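The values are calculated or read from the model by the stated rules, or taken from the named source; none is laboratory data. If you're wondering where the values come from, they're calculated on a predicted model, not measured in any experiment. A quick note on method: Cβ atoms are made from the backbone with ideal geometry, for glycine too, and the neighbour counts reach across all protein chains shown.
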Amino acid sequence: MPEDSRELVLYVQSKKAVSTFYRPPTSAGPVAGAPLAPPTAGASYGDAATDASGSVVYFLSDDQARCVAHVEETASARGYRVRVVDTAKVGTIERLIAEHLRGVQNFPVLVSPKGPRVEGVEQFTDETLAALMPTELKSVRAMTYIKVRGGDLDRIRGLLESFPEVKELHFLTGDWDILVVLEFPASDSNKRRVLDFVTDRIRGIPEVLDTSTVVPEYSVTKFAL
């Protein structure tokens, strides 16, 4: 995947406030007995400017800060980079045209290199972020079709669900009765191990008549890891 397709831009919108707390001059040490200003939440997303009325501080709301942390954590796990832009500090023309935010009503906004975006705090879920950042699977997954003879379907289902390697069960109509999604750690898995599991464990179930397994060479997922 090209490097430029791995960078997303996360737009936040901070609020500007003027603090009237006493702040010691930066050129001198703290004055004995003088109160110290409390830490300003979200200050890392804005530069403070000082005027005669006090210190101008940019505050990022907790819900937006939570989205930033969520995006950065997801991006790190999936091999992406995130550039955070505070729209409160850029010009209107740059924000609406150059930065592709025309029509945006709710912040934060996460924009992928290919265009889709996530807008508003409520949309920042594991599922939406994973869909915006598809990534290679770090495990080996395989799909096994199973044909069974008549019997206790609940018992067969229970046996299949008891295997840690079985991640999904899909019951079908047609030539095959069940589709099983298997997952194995990539560190110690190969096609032979997958097929060994199918032949030894799944085909060891008395009601199983036949199986057919597909082991992908390469897999990409949009599901949350």
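So, of the residues in segment 104-127 that are out of contact with any Gly (no Cβ under 6 Å at 6 or more places or on another chain) and polar (S, T, N, Q), which turns out to be modelled with the lowest pLDDT?
By that ranking, first place goes to Gln105.
Taking the residues in segment 195-208 that are in contact with an Asp or Glu (Cβ under 9 Å, 6 or more places away or on another chain) and not in a helix (DSSP H, G or I) as candidates, determine which candidate is nearest to Val220 (Cα to Cα).
Filtering first and then ranking leaves Arg203.
Determine which member of the set Thr211, Thr221 is over 24 Å from Lys147 (Cα atoms) and either touching a Cys at 6+ places or on another chain (Cβ under 6 Å) or surrounded by 12 or more Cβ atoms within 10 Å (Cβ to Cβ) (or both).
Just one listed residue meets the conditions, Thr221.
Give segment 60-91 a look and list any residue that's in contact with a Phe, Trp or Tyr (Cβ under 9 Å, 6 or more places away or on another chain) and farther than 17 Å from Glu122 by Cα, or say none.
Val84, Val85, Asp86, Thr87, Ala88, Lys89
Is it the case that Arg81 is farther than 30 Å from Ile205 by Cβ and without any contact (Cβ under 8 Å) to a residue 24 or more places away in the chain?
Values: farther than 30 Å from Ile205 by Cβ: yes; without any contact (Cβ under 8 Å) to a residue 24 or more places away in the chain: no.
Criteria not met by Arg81.
Starting from segment 138-158, take each residue that is part of a loop (DSSP other than H, G, I, E, B) and list its partners that are at pLDDT below 95 and of a type in the set (Asp, Glu), counting only C-beta distances under 7 angstrom and pairs at least six apart or across chains.
Close Cβ pairs satisfying both conditions: Arg149/Glu207; Gly151/Glu207.
Quick one: count up the residues across segment 164-194 that are in contact with a Lys or Arg (Cβ under 7 Å, 6 or more places away or on another chain), more than 18 Å from Asp210 (Cα to Cα) and either assigned to a loop (DSSP other than H, G, I, E, B) or not charged (D, E, K, R) (or both).
Qualifying residue count, segment 164-194: 2.
Do any residues in segment 105-116 that are more than 26 Å from Asp62 (Cβ to Cβ) have Cβ atoms under 8 Å from those of residues that are among the polar types (S, T, N, Q) and not in a loop (DSSP other than H, G, I, E, B), where the two are at least six apart or on different chains, and which pairs are they?
Pro113/Ser5; Lys114/Ser5
Please count how many residues of segment 174-195 are more than 28 Å from the chain's Cα centre (by Cα), over 14 Å from Val140 (Cα atoms) and not aromatic (Phe, Trp, Tyr).
4
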